[in-house]
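Undergrad: Sending over a structure as structure tokens; questions will come in a sec.
The values are calculated or read from the model by the stated rules, or taken from the named source; none is laboratory data. All values derive from a computational prediction rather than experimental measurement. Using ideal geometry, Cβ is built from the backbone for each residue, glycine included, and neighbour counts are taken over all protein chains shown. To get the accessible areas, we keep the full protein, side chains included, count just its heavy atoms, and leave off ligands, DNA and RNA. Shrake-Rupley method; radii C 1.70, N 1.55, O 1.52, S 1.80 Å.
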Amino acid sequence: MKIYCATTNAGKIREFRQALEPDFDLEMLPGLDRLAAPEETGDTFEENAAQKAVYYARGVSGLVFAEDSGLSVDALGGAPGIRSARFSGLDATDERNNRLLIERMKGVAHRSARYICVVALARDGNVIETFRGEVEGEILHEPRGKNGFGYDPLFYYPPFGCTFGEASAAQKLSVSHRSRALARLRTALARL
């Protein structure tokens, strides 16, 4: 079964492929690089994922999925949350976002956090269903590891005894928020 993916994030694409292929024929949405990104005006990951899926599904015949994901830190009232990619501003980078998170967490004793991912599946401009995945961890005082992307070097996962930045791609995929949401997507695709 063919399914179109609506993202240009190389790290996410790699994880999507690991989670869905070879059972599903994952293709990048045709012309995605020429489309303006939709405005994300939702207040939740679900709303933003659905907005993106509907926007991109209007331009293609078939199933399209889009996702919204981020880091929710308890001590920061859930921030960076839906603004995870732009935490340090419009021209944010992973490095700047991580630096800002470290700065905001100075002196904070309770460092619990979770990664959240919501995948929205759409066809013909309508959302079919959304799928949520979460994984609990803690925010370290400094980054560790060069694997992964985003906040992975700061996200310590106690069962592994390391950060997602230190974990292998296979380890991370076995427990990550994205893999959990994609597992639910796989189950739904098998019913279609």
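Undergrad: State, as an integer percentage, the relative contact order of the chain based on alpha-carbon contacts under 8 Å between residues 6 or more apart.
TA: For the chain, the relative contact order is 19 percent.
Undergrad: Please list T7, T163, T187, T44 in order of solvent-accessible area, largest first, computed with a 1.4 Å probe with all protein chains present.
TA: T187, T44, T7, T163
Undergrad: Are there GluC sites (Glu not before Pro) in the stretch 24-81 that DSSP marks as loop and that have at most 12 other Cβ atoms within 10 Å, and which are they?
TA: Here the GluC sites (Glu not before Pro) that fit, given the DSSP loop and packing criteria, are E39.
Undergrad: Which order do you get for K172, K12 if you rank them by accessible area with a 1.4 Å probe, largest at the top?
TA: From most exposed to least exposed: K12, K172.
Undergrad: Quote the accessible area belonging to D124 in square angstrom, nearest 10, computed with a 1.4 Å probe and with ligands, DNA and RNA left uncounted.
TA: Ignoring ligands and nucleic acids, D124 comes out at about 110 Å².
Undergrad: Then there is this: Taking all protein chains as present, what is the carbon and sulfur share of the accessible area of the chain, in % to the nearest whole number, probe 1.4 Å?
TA: 48 percent
Undergrad: What spacing in nm lies between the two simple spin-label points modelled at N9 and N126, each 7 Å away from Cα in the Cβ direction?
TA: In this crude label model, N9 to N126 measures out at 2.8 nm.
Undergrad: Shifting gears a bit: Can you list the aspartates and glutamates whose alpha carbon sits under 18 Å from that of K146, skipping same-chain ones fewer than 8 residues off?
TA: E15, D94, E95, E138, E166
Undergrad: On a 0 to 90° scale, report how tilted helix 94-104 is relative to the longest principal axis of the chain, with both axes built from alpha carbons and the result rounded to the nearest 10.
TA: Taking Cα atoms only, the helix is inclined about 40 degrees.
Undergrad: If you don't mind, there's one more thing I want to ask. How about K52: which lysines have a C-alpha closer than 17 Å to its C-alpha, ignoring those fewer than 8 places off in the same chain?
TA: K12
Undergrad: What does the charge count around F149 come to, taking other residues whose C-beta lies under 13 Å from its C-beta (Lys +1, Arg +1, Asp -1, Glu -1)?
TA: +1
Undergrad: In the set (i) 22, 19, 16; (ii) 26, 24, 15; (iii) 29, 18, 14, which value of semi-axes √(5λ) of the Cα gyration tensor in Å was calculated from the structure you see?
TA: It is the one labelled (iii).
Undergrad: Additional query: Using Cα springs under 10 Å in a Gaussian network model of the chain, which residue among A37, A19, A113 shows the largest mean-square fluctuation?
TA: For the chain, modelled as a Gaussian network with Cα springs under 10 Å, the answer is A37.
Undergrad: Taking only protein heavy atoms into account and a 1.4 Å probe, give the accessible area per residue of the stretch 107-192 in Å².
TA: Here the per-residue accessible area is 46 Å².
Undergrad: How large is the accessible surface per residue of the stretch 34-87, computed with a 1.4 Å probe and reported in Å² as a whole number?
TA: Ligands and nucleic acids excluded, the figure is 46 Å² per residue.
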